[in-house]
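S.K.: Sharing a structure here in structure tokens format.
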Amino acid sequence: MQSSKQDKLIVFDTTLRDGEQSPGAAMTKEEKIRIARQLEKLGVDVIEAGFAAASPGDADAISAIAQIVKNSTVCSLARANERDVRAAGEAIKSAKSGRIHTFIATSPIHMEMKLRMTPDQVLENAVKAVKLALEYTDDVEFSAEDAVRSEMDFLVRIFDAVIQAGAKTINVPDTVGYSIPVLWGERIKQLIEHVPNSGKVIWSTHCHNDLGMAVANSLAAVMNGARQVECTINGLGERAGNASLEEIVMAVKTRRDIFSCDSRIDTTQIVPSSKLVSSITGYPVQPNKAIVGANAFAHESGIHQDGVLKHRETYEIMRAEDVGWNTNKLTLGKLSGRNAFRSRLQELGIVLDSEEAMNAAFARFKDLADKKREIYDEDLHALVSDEVMAEAHEYYKLVYLHVCSETGETPHATIAILENGIERRDEADGGGPVDAAFKALEKMAGSGAELLLYSVNNITTGTDAQGEVTVRLSKGGRIVNGLGADTDIVIASAKAYINALNKLHSKLERAHPQV
């Protein structure tokens, strides 16, 4: 329970902005909206929905999210210049609660080598950006990029200036993941002690994971006075990623003996949020990932099993149910009707644009129910993602697939696709059925793309589970993820490759969210 400002930890989620900068993780407007709805359901305080100046598509997505989300603040990032700030202001203007997050680099190496600006010029631009942002919203956040390598005296000076200009949140980022907890905690403490009027603002931290200490650094900041943490679902983000939302939230909740604050996060929505982000971005969660990994609450050791059976808390410091495990089983099957299906989609925050889309999704649900005895929420997310992807980019479409793989014989695949509405058919041999299918597809598409990643994960448990395949392709500097799901893993693989080809073909998908 939060009783005052001091004991509330503000959770600032940047999955849709910083998380999207992961190679191949660029999302469509519809995908961003689905994740934003789930983040709101999760109880995130601030959703950084994107970088409005990066592209018209990103600005449009932020604007759409601003219109839909009511219980979270919707934020846009902006560099400290007029063009960026005005783009951000326009994108969030319809939000019930909107924020502009403006930033400029403050480390000597960034100011000299990247910005080509003097410290005085940097400070002047920061103040101007904050004042301009206040024309659109009274909720303005300022970040000193690369604060970890910035000089303390200059940080104090620039933070003092932007607070006087009207900034309400001051963010101290470890942009390059360079710090360690003891030093990061001390830096936050010193800033709060030395910056004039520091008590009038919320202090925030944004840590990257290059040395594997993003969560530890964030928690060190919280212990030294920070009351906002900037993080992402599953720790998604460029390079080694960002601080993981689920780990920070559960650390603070589990160790209340140490942390004098708590968040308003509904922790039972953590696992559903993790699975949704993973399915949309194509970034699987490692099995031993804390909180949301498949093995996070599994016990292999006989000693551990014995202890847990006798008393759960001998080896478990959290309950699996508290973070959303074992709470997402859906009792739907082939006899379930349209109303039950529609109702469950609404509960999951999945909104389809038209009755035609609902009919198509329901037909896919019935097909899946004929193959699987039990349908889970994760199956529905994958089913709808598959439907949305097919509708959005259908230059290539799978019509027919036949593969032959047997001991002592070379695997062979025959595939028929629609290419811009015209049916084409080809075949190829390969090292396995998936390899043969990919080679046959590539013969027809002639994309010349390089296969960077092929990943298979089961969506749910059991031998009848849907397989979810991620294919990452690269061509001409563009990196895209293709996703496919099916109870037949070879079909799922072909769908994923075709989905990636469609993204490469489409000019709507951005090569990089901040280009």
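Each value in this text was obtained by applying a stated rule to the coordinates, not by laboratory testing. Values in this document were obtained by computation on a predicted structure and should not be read as measured data. All Cβ positions, even for glycine, are placed from backbone atoms using ideal geometry, and neighbour counts span all protein chains on display.
S.K.: For the pair K70 and A360, what calculated FRET efficiency results from E = 1/(1 + (r/R0)^6), where r is the Cβ-Cβ distance and R0 = 25 Å, to the nearest 0.05?
M.R.: It comes to 0.30.
S.K.: With each pseudo-label sitting 7 Å past Cα toward Cβ, what's the Q164-A340 distance in nm, one decimal?
M.R.: So the label points at Q164 and A340 sit 6.7 nm apart.
S.K.: Considering the options I248, V122, Q21, tell which one lies farthest towards the positive end of the dipole of the chain, charges being +1 on Lys and Arg and -1 on Asp and Glu at the Cβ, about the Cα centre.
M.R.: Final value for the positive-end residue is V122.
S.K.: Listing V85, V148 from the residue with the fewest other Cβ atoms within 10 Å to the one with the most, what is the order?
M.R.: V148, V85
S.K.: Quick one: net charge around I489, please, counting Lys, Arg +1 and Asp, Glu -1 for every other residue with C-beta under 11 Å from its C-beta.
M.R.: Net local charge, I489 excluded: -2.
S.K.: Something else about it: Summing +1 for each Lys or Arg and -1 for each Asp or Glu, what net charge is found among the other residues whose Cβ lies under 13 Å from the Cβ of E151?
M.R.: Local net charge: 0.
S.K.: How high is the relative contact order of the chain, given as a whole-number percent (alpha carbon pairs under 8 Å, six or more residues apart)?
M.R.: Computed value for the chain: 12 percent relative contact order.
S.K.: Right, something else. Considering only DSSP beta bridges where both residues belong to the chain, give the percentage that are antiparallel (nearest 5).
M.R.: 50 percent
S.K.: Which order, highest average first, do 76-83, 497-504 follow once you tally other Cβ atoms within 10 Å for each residue and take the mean per peptide?
M.R.: Ranked from most to least packed, the peptides come out as 497-504, 76-83.
S.K.: Summing -39500 (n - 2.57) over the DSSP H runs of n ≥ 4 in the chain and dividing by its residue number, what mean residue ellipticity at 222 nm do you reach, to the nearest 500 deg cm²/dmol?
M.R.: -12000 deg cm²/dmol
S.K.: Another question, if that's okay. Using 1/(1 + (r/R0)^6) with R0 = 22 angstrom and r between the beta carbons of D426 and L451, what's the FRET efficiency to the nearest 0.05?
M.R.: Values: r = 18 Å, r/R0 = 0.81.
E(calc), rounded to 0.05, equals 0.80.
S.K.: Which residues does the label zone of N81 cover in the stretch 108-132, counting backbone N under 18 Å from a point 7 Å along Cα→Cβ?
M.R.: What the label zone holds, given the 18 Å backbone N cut-off, is 110-132.
S.K.: Separate question: Where the only charges are on Cβ atoms (+1 Lys, Arg; -1 Asp, Glu), what is the dipole of the stretch 393-505 about its Cα centre, to the nearest 20 debye?
M.R.: 540 debye
S.K.: For the chain, take the longest principal axis of its alpha carbons; what is the angle in degrees between that and the long axis of helix 152-165, to the nearest 10 within 0 to 90?
M.R.: The angle comes out near 90 degrees.
S.K.: So, one more: Kindly flag which residue pairs out of K168/K200; K372/K439; K96/K131; K41/K96 have an alpha-carbon separation exceeding 19 Å in this structure.
M.R.: K372/K439; K96/K131
S.K.: Take the alpha-carbon centre of the stretch 15-69, take the same for the stretch 205-227, and report the distance between them in whole Å.
M.R.: What the calculation gives is 23 Å, centre to centre.
S.K.: Calculate, for E112 and D153, the FRET efficiency according to 1/(1 + (r/R0)^6) with r their C-beta to C-beta distance and R0 25 Å; round to the nearest 0.05.
M.R.: The pair E112/D153 has a calculated efficiency of 0.90.
S.K.: Around E141, with a cut-off of 11 angstrom between Cβ atoms, what is the net charge of the other residues, counting Lys and Arg +1 and Asp and Glu -1?
M.R.: Around E141, the charge tally is -1.
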